[in-house]
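Have a look at the structure below before the remarks.
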Amino acid sequence: MDRTDRQIIGLLQEEGTSTNAALARLIGVSEETVRRRLKRLTQNNILRIVAIPNDEMMGLGTKALLGFKSDPALIDSAAAIIAENSAVQWVSVTTGRYDIVAQVAVTDVGTLYEIQQHLGKIVAVESIEIMMVLDAPKLPHMAAA
């Protein structure tokens, strides 16, 4: 990966529907260069181009991080079960205070409570702490390349 690759990725993070021609103009390379580099980046699993919905516009304006304490022998299976829940956007097995951290996006606090009750019944889960997301000034898809 070089500076041009990073520029292409950064521009796509800002506007994922940019054409190869537009990217080429902005970076100062040929359209063929952009096309070739995008092909290599996607084939090597360095870059994935996906649609990222606006949760609030979809009625999912309540977001929270959930911190899970789990039976150490069952962390991986607990994380897999948590990941199956449709409200869960991502799950990570972590070190530190929590064994597992997940983010959920739901319609309201009542639904968040239902999710907590449901996920709390997983045998491997010993406790859940809910941290409401008040603001997210930087999200993964907004990261600078």
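Taken together, the values in this text are just the output of simple stated rules run on the coordinates, not laboratory data. Nothing here was measured: the structure is a model prediction, and the numbers come from that model. Note that we place each Cβ from the backbone using ideal geometry, even for glycine, and neighbour counts take in every protein chain shown.
Cross-link partners for LYS63 among the lysines, with Cα-Cα distance under 28 Å and sequence neighbours closer than 8 places in the same chain left out: LYS121, LYS138.
A Förster distance of 35 Å, applied to the separation of the beta-carbon atoms of VAL109 and ASP71, puts the FRET efficiency at 0.80. By the count of other C-beta atoms within 10 Å, a proxy for reagent exposure, ARG37, ARG6 are ordered fewest to most as ARG6, ARG37. Note on LEU139 and ASP5: the extension gain reaches 46.2 nm, defined as 0.36 nm multiplied by sequence separation minus the Cα-Cα distance.
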